[in-house]
Each structure stands twice: as structure tokens, then as C-alpha cells.
């Protein structure tokens, strides 16, 4: 059997992820996280903050909650259940920074926590910021 | 003329070493699995009072060494050699675990096949007349393996159904020149087999061809009938890998499906969310030291072929897009 034949054979043996179940779970949990976010936006607006400030306060609150639930050993269980539903919202981004910080604490605060904290979020920042710069330049040029 | 060599890959012992004792320590999840009654100790906490997962793993190695000697009623000082290895970079669990023992040590790396590799080498040391008592030790720890090979523990990520769960556990096997069995009769040393699988989340498929290759070589070299063994048990192929190995052997005319088992399938229940099954050096080590040795001692099994399987990858090789080379070492163990 050649390597390619073997790969085809293995693919036929490997069970697929349960797509429908995962999509439903991701939709419900992701939706629920957004509802919580909306609740904070409304609450902050009702307290008299304008829309921009309310949005920033909501992001901060959601990031805090993501980190808190990571520290309480709950976010990984949520992630295992919800998949993209808990990875995509901002709480997932917070989880991706808090979890390596916890993991590498045993290697010290400088080379452990400090150096490894952005192990997973780092690439997102690099390419996210790069993309926004490119789009910004294009926007500037197209305006002329 | 090599009088103990049989065919290309097999060695037959003139004075087969006895497995005088075994010991096993496992983590809490393994302790809730179907083999729980057979382990010597079940930890209720993965950190076991240490400051890091790595030190917890080496503590398991240290404790399993003294338990193995204790179970054989032998003083640790009567051990001639320790053969030990694990999955961590530079095998730190093994070397930190035995550093206070004062016993000569060979560090061995065979990834998850380490128990098969150390038992093979240990049996050769004894039959060669170089040692009377050899302890083979190996360990793996879910948390230390996750951080080295995958993601931080608290990251909320999903695993595909083909993924396996690294066993938290350490196993020790004491081979001795004297004793009443069970005996290590033959070994078949594996060669590296790489079918080009690159998916770290499907190690069973990567390792199955290596397991099939070694089992095939064992029957080729020895000329034994296919129904000779009561059980042929691979290390950590998992459910999918076991099926693939069975298919590969059948297509080569070896039909052992009914006696082919896998430690990774045995150690966890389907309900334990371990996906395809257990993996890691500790998987085959604890299942052998716990369950299989008990079955051999009680005569429920009399002849087994124990085939720990290893995926010889590193985090660097995976990131650089290389395929996964694999190996399997067979150890034939018989009563009488």
C-alpha cells in the first residue's frame, strides 16, 4: 500500500466530527454569550454612558469574565462543549491569553508567563493588526 | 552463528528472565476506568503535592520504582540496572525520578513504546549474564504531555474523534534471572515505519502500520501458528488504530482479530470522553503492570504478545510539517 492509498484508507476509517450537533451547540452557547454582552451594553447605557463608552465597558467586562472562568477551570469545559461558540467571542480571546499564562507560571513570571502568554493569541494579533494596516492604507488611497 | 537470534528481528532467550514483580500508579481519570481494581495506587490529584506537572510525573517514577522492588520483596540495592524513559524533553521524568536511587541507569527513548523497549533490553541484559535484576520504568502525565505537545490545559478547544487521551500513570516491571515466571521468552524489535501520516490528532492511524509490521515479523521469524497466543495486545493504538492494525494484518494473511486488543482501548471507558482511547508511555506500562500481569499470575492468560507502540515525533517536527515515524516492540511473555 502506498502512502496516498493509506491516507485515503485512514480517512475512510476515521469517524467524522458530529457536525450538526456541534453547530447547534456553537450557535446556542455563542448566542448566549452575545446575549450576556448585550445585557451589559443595555445596562451601561441605562447608567448614562454613551454608546461608545458602553461598548468599551462591555468588552472589558466580557474579557474579565472570560479570564475569571478560565481561572476557575470552567472555560475549558465550556470550550469542549461549545467549540467555536466559545472560541469566537471576545471571551475566547481572553481564554487564549489567560490559559498559557496559567500553564507557564511554573517557568517563572518573565520567561514563563511573560514570554508565553501570547503563544496562541500572538498570531491573531500579528495578522489582525497587519491586515488592519493594509486595509487602512487601501482606504486612504481609494479616497483620493 | 548467533544462537539466540531468530530471523531478522527476533531474539529467543536461552534462560528466559522472570517478571518477578510489577507496580503501577495512575491518575484520577484512569482510576475511574474499567481497570481501576488492578492498579497499585490511584492518585486523587494530578499534581500530587508537587509544584509542576513534570515533578509530579517524576514523583510517580520514583514511587513506582520503590513499589516495584517492594512487590518483589527485594531491596532496591539488589537492582543491577534501571532502564527508564518517558515522553518529556530529554526524558526528565525518568532521570529526575531515579536520581536518588543510586542504581546504574540507562535512559531509553521509545516514545510510547518505551515499556516494550526497556523490557526487551532488560531481558537481553539478564539472558546475556550482565545482570540479575533489572527494573524497567516508564511514565506519562496528561498535563505535562498536553503542554509539551498540544495546548495549555485551560484552553477551551475541541478535539476530533480520532484524538487520544494521554494516560497519567507510571509502571514498573522487575525482570529477574531467578523466579517461577511469567517469563519473557522472545522479543521482536520493531523497525521504524512511516506511512506519511502527519495528523497529530490521529496517532492510532500513524502507529498501526508499525504494530502490524512487528506482529507480522514476529510470526515470520518464529514460525508460530497464528492462534498461539491467548492475547496480542498493542500499546496505544486506540479504537481506530486497533481496527486499522487488524485490517493490515488480515490483508497479509494474519487473522488475529479475535485476540487482538489494545491497552489504549482497555484503560478508558467509552463514556470517559477519551475519544479514540488512551495513549502515552504510561498507557501500556500501567495496563501491563496492573491488569495483564495480574491475569498472567492468576493463569487467566498464559501466553501473551505485548506490543507497545510509539510515535517518534517532536513538537518541532510536527510544526515543520513532517510525517510521523512510528515503531512497535513485541515482547512474548509466557507462563512456564
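If residue B:202 meets every condition in (1) more than 14 Å from chain A (Cβ to nearest Cβ); (2) buried (at least 24 other Cβ atoms within 10 Å of the Cβ) apart from one, which number is that one?
Here residue B:202 clears every test but (1).
Of the residues B:145, B:163, which single one is in a loop (DSSP other than H, G, I, E, B), within 14 Å of chain A (Cβ to nearest Cβ), surrounded by 18 or more Cβ atoms within 10 Å (Cβ to Cβ) and under 20 Å from the mean Cα position of the chain (by Cα)?
Details: B:145 fails: in a loop (DSSP other than H, G, I, E, B).
That would be B:163, the only listed residue that is in a loop (DSSP other than H, G, I, E, B), within 14 Å of chain A (Cβ to nearest Cβ), surrounded by 18 or more Cβ atoms within 10 Å (Cβ to Cβ) and under 20 Å from the mean Cα position of the chain (by Cα).
Check off (1) touching a strand residue (DSSP E or B) at 6+ places or on another chain (Cβ under 6 Å); (2) within 21 Å of residue B:308 (Cα to Cα) for residue B:38 and give me the number that stays unchecked.
Every condition holds for residue B:38 apart from (1).
Going through B:257, B:179, B:253, B:235 one at a time, which residue ends up being within 24 Å of residue B:24 (Cα to Cα), surrounded by fewer than 19 Cβ atoms within 10 Å (Cβ to Cβ) and either touching a strand residue (DSSP E or B) at 6+ places or on another chain (Cβ under 8 Å) or more than 12 Å from every other protein chain (Cβ to nearest Cβ) (or both)?
The conditions single out B:179.
Suppose we filter B:277, B:299 for residues that are surrounded by 16 or more Cβ atoms within 10 Å (Cβ to Cβ), more than 13 Å from the chain's Cα centre (by Cα) and on the phi > 0 side of the Ramachandran plot; which single one remains? Give the steps one after another, and end with the answer.
On the way: B:299 fails: surrounded by 16 or more Cβ atoms within 10 Å (Cβ to Cβ).
The match here is B:277.
I'm trying to understand the selection: among the residues of segment A:88-113, which are surrounded by 21 or more Cβ atoms within 10 Å (Cβ to Cβ) and within 8 Å of another protein chain (Cβ to nearest Cβ)?
Matches in segment A:88-113: A:92, A:95, A:96, A:98, A:99, A:100, A:103.
Can you spot a residue in segment B:170-183 that is part of a loop (DSSP other than H, G, I, E, B) and under 25 Å from residue B:208 (Cβ atoms)?
no
I'm told residue B:83 meets every condition in (1) assigned to a helix (DSSP H, G or I); (2) touching a helix residue (DSSP H, G or I) at 6+ places or on another chain (Cβ under 7 Å); (3) more than 14 Å from every other protein chain (Cβ to nearest Cβ); (4) buried (at least 24 other Cβ atoms within 10 Å of the Cβ) except one. Can you identify the failing condition by its number?
(1)
Restricting segment A:1-57 to residues that are within 14 Å of another protein chain (Cβ to nearest Cβ) and not in a helix (DSSP H, G or I), which is farthest from residue B:207 (Cα to Cα)?
A:18
Only residues that are crowded, with 16+ Cβ neighbours inside 10 Å, more than 7 Å from chain B (Cβ to nearest Cβ) and either free of Cβ contacts under 8 Å to residues at least 40 places away in the same chain or in contact with a strand residue (DSSP E or B) (Cβ under 8 Å, 6 or more places away or on another chain) (or both): list them for segment A:66-87, please.
A:66, A:67, A:69
Taking the condition of being in contact (Cβ under 8 Å) with a residue 12 or more places away in the chain and more than 30 Å from residue B:143 (Cβ to Cβ), how many residues in segment A:43-65 meet it?
Matching residues across segment A:43-65 total 7.
Could you pull out the residue among B:77, B:120, B:113, B:58 that is more than 29 Å from residue B:305 (Cβ to Cβ), modelled with pLDDT of 95 or more and either out of contact with any helix residue (DSSP H, G or I) (no Cβ under 6 Å at 6 or more places or on another chain) or not in a strand (DSSP E or B) (or both)? Can you show your working first?
Values: B:77 fails: modelled with pLDDT of 95 or more; B:120 fails: more than 29 Å from residue B:305 (Cβ to Cβ); B:113 fails: more than 29 Å from residue B:305 (Cβ to Cβ).
When all the criteria are applied, what remains is B:58.
The values are calculated or read from the model by the stated rules, or taken from the named source; none is laboratory data. These numbers were taken from a predicted model, which means no experiment stands behind them. Glycine gets a Cβ as well: all are built from the backbone with ideal geometry, and neighbour counts include every protein chain shown.
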